[in-house]
Amino acid sequence: MTAAPQPSPVPLTERQEARRRRILRASAELAVRGGFDAVQMREVAEQSHVALGTLYRYFPSKIHLLVATMRDQLEHLHEALRKRPPSATAPADRVAETLMRAFRAMQREPHLADAMVRALTFADRSVSPEVDAVSRLTTAIILDAMRLDGPPGPELLSAVRVIEHTWHSALVTWLSGRASIAQVKIDIETVCRLIDLTDPRRAGAAGTAGAAGAAGA
């Protein structure tokens, strides 16, 4: 039996969107000051000048709120990257440069980064739409950095997912003090080489070179 399609969310009015942005700004400011534990729903409501019940209508829990905060932070990063895109020549190098810029943005506000990453880690199925939105945005940031001529193939999308997982894992290990920034950079640059392995143009070139070598043998 096919599941019924989920109804599309009703677009927010201008006033509702302004209220939502105040809530996200308050969430980020509290997290910057004190991390995950500092983001209390009552304090968020007071700082954003909304009723507590209204806050819960926008975000049913603290986890929903912090995952949405991460999405908001990534949207700001995406906009900044469009204004000043990565300068490297190779797609893999551009993606590595992009992810390191994202990492350094997190590094500047470690309490906020820790709060958002913990929320992603704690998120259950009820937060799936918000988590999926973060994942889609991260994918879009990576694909934009690659500057593809056409739509990505399944192998490349699989590589992008592995790159996303590695970036997230690198954040976790750095935030827990188990990895240095230098190690994070090495890990990200290493995983971005998957892009070269799944690039059909490079694969075709490698196949042609292999065939030529075999013919000459």
Exercise for the section: Give the residue, chosen from Gln16, Gln73, Gln47, that is touching a Phe, Trp or Tyr at 6+ places or on another chain (Cβ under 9 Å), open to solvent by 20 Å² or more (accessible area, probe 1.4 Å) and of a type outside the set (A, V, I, L, M). Expected result: Gln16
Problem - Checklist (1) modelled with pLDDT of 95 or more; (2) under 20 Å from Ile181 (Cβ atoms) applied to Val67, failing item - result: (2)
Handout entry: Qualifying position, being closer than 28 Å to Arg33 by Cβ and part of a helix (DSSP H, G or I), among Arg104, Arg82, Arg94
Key = Arg104
Practice task
Answer yes or no: is there a residue in region 160-170 that is without any contact (Cβ under 8 Å) to a residue 24 or more places away in the chain, open to solvent by 50 Å² or more (accessible area, probe 1.4 Å) and within 17 Å of Ala92 (Cα to Cα).
Solution key: yes
Practice task
With respect to Glu79, determine if the residue is under 19 Å from Leu12 (Cα atoms), of a type outside the set (Lys, Arg) and open to solvent by 20 Å² or more (accessible area, probe 1.4 Å).
Solution key: no
Completion exercise
All-but-one check, His111 against (1) open to solvent by 60 Å² or more (accessible area, probe 1.4 Å); (2) at pLDDT 95 or above; (3) farther than 19 Å from His168 by Cβ; (4) part of a helix (DSSP H, G or I), failing number (3)
Completion exercise
region 1-59: helices (runs of 4 or more DSSP H) wholly inside it with 1 or more residues that are at pLDDT below 95 are 14-34
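The values are calculated or read from the model by the stated rules, or taken from the named source; none is laboratory data. Source: prediction; values computed, not measured. No Cβ is skipped: glycine too gets one built from the backbone with ideal geometry, and neighbour counts run over all protein chains shown. Calculation scope for accessible area: heavy atoms of the full protein, side chains included, ligands and nucleic acids excluded. Shrake-Rupley method; radii C 1.70, N 1.55, O 1.52, S 1.80 Å.
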